[in-house]
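Please read the structure below before turning to the comments.
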Amino acid sequence: MIIEEGKVKIDIPDDLTITKDDEVFYNPKMETCRDISVAVIKAFLEGKEEFYIADALAGTGVRGLRYAKEVGGEVYLNDINPKAYKRIIANANLNNIKNIKVFNEDANVFLAKHFRFFHVVDIDPFGSPSTYIDMAIRALKPKNALLCLTATDTAALCGRAKKACLRKYLAYPLLSRDCHEMALRILIGYAMRMATKYEIQLMPIFAHATDHYVRVYLKTDRGAKKADEVFKYLGYVREVNGFKVIKPYNKPEENFVGPLYIGNLYDKEIVEKALKYCEGRAYKIVSKIKEETEIEQVGCYDTHQLGKLLKVSVPPINYIVESLKEKGYKVAIPHYNPRGIKTNAPLREIIDIMVRK
């Protein structure tokens, strides 16, 4: 079956189940993720004439072939499945794409063979990326390269499977209305910690929690001093009735979530550049994220949770937003929670608006 996505045509299995049982894995629900990925990577590589991108778990090749067609450079696609390997080659021929190399290896073996070679490494697995992160970091150029990670094991990252989160990410998760942002921060924090032993600093430039997955993008910098700086951006979070209490990395306490990343999730310039390359649903998501970049806040205030605590009817979210803006505050509705608010306003201002409505 031939389908079109982005600027490529892809031959995919006729009877998709979107499970590991498929002959070759392809998930149509990830098209928006791939749209955003193309935009962010184009924004990140803007101005570079020669670069190498790795799609280490390529499946049908849709992601890597879109990079080759829509971003450029030279793209290395790899999959351990021999049937996927053959289909990637067939799909490349279908699109007359030449700027690729295709491999049929275990992802970690493939990455290990390309030490400090790639400008972008994309890890988009079925489930957790944790088993590939070490080799992905080693395969990246240690300065000004980009690590892209997808995690679909949101049961672990969002707190429904706490032991799995501890096992895979060495962190305690938060099961709450803010769990998706905490999932992003746990994944970022884990990758940052894994990189420090190689004297590499990873810092996020973009992240989003959409549908059934979370996706993060981290930029490399090298040197022991740079790696040491990472720990000031790590910490623990405790939620008390929707309010966040944050502790530094070296002072954990019982019932706190983490360790996780507590800094700014976005590079404003990259977000603005990426938005230029987005259309449709991807444009809507990145537009919301652009509003979030104006506010440095861990988590958000869930208005329905506040209403329940205050025992008041919750005003329309747009009323709360406009009321705060009229008072001169910055406000954004987070892309992952249509009932949430990120703002530089004191909590008492939000409560006052909700009670007085």
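The values are calculated or read from the model by the stated rules, or taken from the named source; none is laboratory data. Keep in mind that what you see is a predicted model, and the values were worked out from it rather than measured. Positions of Cβ are generated from backbone atoms using ideal geometry, with glycine treated the same way; all protein chains shown enter the neighbour counts. Calculation scope for accessible area: heavy atoms of the full protein, side chains included, ligands and nucleic acids excluded. Shrake-Rupley method; radii C 1.70, N 1.55, O 1.52, S 1.80 Å.
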If you take the square roots of the eigenvalues of the alpha-carbon gyration tensor of region 144-185 and sort them as a ≥ b ≥ c, do you get rounded (a/c under 1.5), prolate (a/b over b/c) or oblate? prolate
Consider the candidate values (i) 31.4; (ii) 21.1; (iii) 22.8; state which one is Kirkwood radius over Cα pairs in Å computed from the structure displayed. (ii)
Ignoring everything except DSSP H segments at least 4 long, calculate the 222 nm mean residue ellipticity for the chain; use -39,500 (n - 2.57) per segment, divide by total residues, nearest 500. -10500 deg cm²/dmol
For region 28-182, the charge dipole (Cβ of Lys, Arg +1; Cβ of Asp, Glu -1; about the Cα centre) points to a positive end, and the Cα of Gly127, Ile36, Pro142 closest to that extreme belongs to Gly127
In a Gaussian network model over the chain where Cα atoms closer than 10 Å are linked, find which of Arg177, Arg185, Arg167 has the largest mean-square fluctuation. Arg167
Report the residue, chosen from Gly307, Gly328, Gly258, that carries the largest GNM mean-square fluctuation when the chain is represented by alpha-carbon nodes joined by springs under 10 Å. Gly328
Set Lys20/Lys197; Lys247/Lys342; Lys69/Lys276; Lys226/Lys284; Lys69/Lys290 screened for pairs whose C-alpha atoms are more than 23 Å apart: Lys20/Lys197; Lys226/Lys284; Lys69/Lys290
Cys residues of the chain counted as unpaired, since no other Cys beta-carbon is under 4.7 Å: Cys33, Cys148, Cys165, Cys278, Cys300
Return the inverse of the average 1/r over all pairs of distinct C-alpha atoms in region 43-87, which is the Kirkwood hydrodynamic radius, in Å to one decimal. 11.0 Å
Given unit charges at Cβ for Lys, Arg (+) and Asp, Glu (-), the dipole magnitude of region 142-246 about its Cα centre in debye, nearest 20, is 240 debye
Take every Cα pair under 8 Å in the chain that's 6+ residues apart, average their separations, divide by the length, and report that relative contact order as a whole percent. 12 percent
Name the residue, out of Val312, Val240, Val214, whose mean-square fluctuation peaks in a Gaussian network model built on the chain with Cα pairs under 10 Å. Val240
For region 135-223, what is the accessible area per residue in Å², given a 1.4 Å probe and the full set of protein chains? 31 Å²
